[in-house]
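Read the structure below first, then the notes.
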Amino acid sequence: MAIPYERRDDAALLAQPRVVRPRSGRYLAGVCAGVAEHLGLPVRWVRVATVALAFAGGAGIAAYIFLWVLTPAEGSGVVPEPARLGRGPLLGSMTPYAVPSPQPAPSPSPTPVPAPSPSQAAVTPVGERPARLLVLGALVVGLGVILGASKLGVDVRAGILLPILVIGAGAVIAWSQLDTAQRSRWIGGDQGARGMALARIGLGLVLAVIGLVILVTRGRSLTAVWDALLATAAVLLGAALIAAPWVIRLWSDLRAEQAATVRATERADIAAHLHDSVLQTLALIQRKAEDPHAVSQLARAQERELRAWLYAGPAGSDSTLAAALTAVAHDVEDEQGAAIDLVVTGDRPIESQGEALVRAFREALLNAVRHGRPPVTAYVEIGAAGVEAFVKDRGDGFDPETVPTDRLGVRESILGRMERHGGTARVRRLDEGTEIELTLPPLPVPATASSSDKEPS
Amino acid sequence: MTPIRVVLVDDHRMFRTGVKAELAELAGGSGPNAEGRQVLVVGESPDVDAAIATIATEKPDVVLLDVHLPGGRGNGGVDVLHGCAGLVSESGAPIRFLALSVSDAAEDVIAVIRAGARGYVTKTIGGTDLLTAIRRVADGDAVFSPRLAGFVLDAFGAAAGEIAEVDEELDRLSAREREVMRLIARGYQYKEVAKELFISIKTVETHVSSVLRKLQLSSRHELTAWAMGRRLL
């Protein structure tokens, strides 16, 4: 859904490289390489620091996992080049941005750090805060884990690895939906996907809590669990507080993007429809400009199609008599390339009698179009007193008595058919043209015959 | 006989040009259409405000009015009708409006008719029929296309068998009006309707005008509900 003219890239924003995990030159997930590039340090230093931190109670591992989850891989979004840092590393622009309209600022945040309002962050190039907050958060969490563990005298090396992995798994599950690829699915916004997202967050939280509890209470008695829970809650709360402004902004950005996407989708739908229908027909008309018959046929068919699309078609479903008669008239128009002025009032469900009427009506229309002269008018009244259908043309008319017996059209398809189904058919010769009149008795159940007329459909 | 002075209001220049050429050819020649009053296009305008100004200065007999127009308060032809309320033509008769539209949407039809238009025809109408319609409207009669007649039958519940006991009843059609509407919906010309019902053309015109009055004045609930909830196709 990338519509180029709706995306706005600020040169100032592009100047700031965001943390991206490069595709090449990585050992594990490319976190160190990405951080090194972002901070302008040699990769080796970062790697050594990470490993050293990992031995210092697993902080390096925690930080590594957090950064892994929170930074996009290079080229994962539509925009391959580093985009604005102010958007937060995860917001590689997958969907088009409209102008940076003032969005609802995040509610007063409990963190001491003033939450950057989205518009601010989008305009000023100083929008590094969320990224810094993330790194800071990762460090704080890692630090908290180490401190808590060492205070309780837990064996740091082996005992810490498993819980941290559990926490990491929880975090990965919770955050994975914010991956750019998944985000678009989330924006797609059906309820199932959203429920899935919530389930993930819940699962991630549970895993994180379990991991932290295990981490803190290793080898301790149950009495220590309470303290451990408190500590865990404190750590989680701290993490939540740090993440809050970022999450709120992410949310409001998502809403704005969603609205933009919906608008763009509608626009694209209309454009696609016009392209497939009207533009094609116009092209055909230009090519057949010397054939007035074909041109009017094309124009008429296109007009009908566009009307049906704009006004969502005739009232009622295909299973009603009015809809069936309308469809038949359109068929004949398309087939014969002649305009039929059809007016239908009332409606009723279609049954075997109605089907017979529809077929006879088609024959009558064909007859009028082939042998009469335009304009061909058809009027159908479906009411309490039964169904009456009239097909009129302006031709010279014909005498039903003189129709040769081999012409089954009128005699068999119209007159005979209607009589077999309890209706009547009459051919009238007017001063100018011919009129065929078809009637059906009302439906046996009186209640259904006239009711559909009044219902707003 | 003085010619019928006509103002064309439509936002499509190509359409205005086409109608003008067609009317000039039909009414100016010596063909079968030459009898009857001639039609003279005295002005044209592309939007609501220009239309009201043009109509006020030209004082035409008939205005051919597109339903969807830019400008005004956004209601298109209805705004023109409201803006020209009370104006009279040069000959002192009220200015008559004939609505002309590509839209068959019932809410558009009912809106311009209730705002005072004397008739409603679709833009696919042939030149001869349009000329007849203009002459009829200029004489103060109403012009009903088959589609509008079908709409009236449906909206007044006449198709479902509701018939007024007295002709003056505003919310239902009389038996005779229903017959006339049915024949018009079937594609009959006024003279064919007259012959079919053994009445004079003048009587047919009276019935049609009476239906138009009911359409404009009726407070029948279904009329508005119908127009809102459904669109003619």
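The values are calculated or read from the model by the stated rules, or taken from the named source; none is laboratory data. Note that this is a predicted model, so its numbers are computed, not measured. A quick note on method: Cβ atoms are made from the backbone with ideal geometry, for glycine too, and the neighbour counts reach across all protein chains shown. Side chains are part of the model used for accessible areas, which takes the heavy atoms of the whole protein and leaves out ligands, DNA and RNA. Shrake-Rupley method; radii C 1.70, N 1.55, O 1.52, S 1.80 Å.
Backbone geometry of the range A:342-348 corresponds, through the Karplus equation with coefficients 6.51, -1.76 and 1.60 at θ = phi - 60°, to 3J(HN,Hα) couplings of 9, 10, 10, 10, x, 6, 7 Hz, x marking Gly and Pro. Using the Karplus relation 6.51 cos²θ - 1.76 cosθ + 1.60 with θ = phi - 60°, the per-residue 3J(HN,Hα) values for the range A:249-264 come to 5, 4, 5, 5, 4, 4, 4, 4, 5, 4, 4, 4, 5, 4, 4, 5 Hz, with x marking Gly and Pro. Under the combined filter of DSSP loop state and at most 16 neighbouring Cβ atoms within 10 Å, the range B:89-144 retains none of its chymotrypsin sites (Phe, Trp or Tyr not before Pro).
Kirkwood hydrodynamic radius, computed over distinct alpha-carbon pairs, for the range B:1-154: how many Å, to one decimal?
Hydrodynamic radius (Kirkwood, Cα only) of the range B:1-154 equals 15.2 Å.
Using a 1.4 Å probe over protein heavy atoms, the accessible area lost on pairing A with B, summed over both chains, comes to approximately 2600 Å². The distance from the alpha carbon centre of the range A:230-257 to that of the range A:328-352 is 61 Å, rounded to a whole number.
What percent do you get for the relative contact order of the range B:39-133 when only Cα pairs under 8 Å and 6+ apart count? Intermediate results must be reported in sequence, preceding the final value.
Details: 141 pairs, mean separation 23.8, N = 95.
Over the range B:39-133, the number comes to 25 percent.
Students often get this wrong, so check it: of B:Lys20/B:Lys59; B:Lys123/B:Lys195; A:Lys392/B:Lys195, which have C-alpha atoms separated by over 21 Å? Kindly include the intermediate steps, with their values, before the conclusion.
Numbers: B:Lys20/B:Lys59 18 Å; B:Lys123/B:Lys195 28 Å; A:Lys392/B:Lys195 16 Å.
The answer is B:Lys123/B:Lys195.
Here the range A:281-371 yields Rg over Rh of 1.02, to two decimals, using C-alpha coordinates and the Kirkwood radius.
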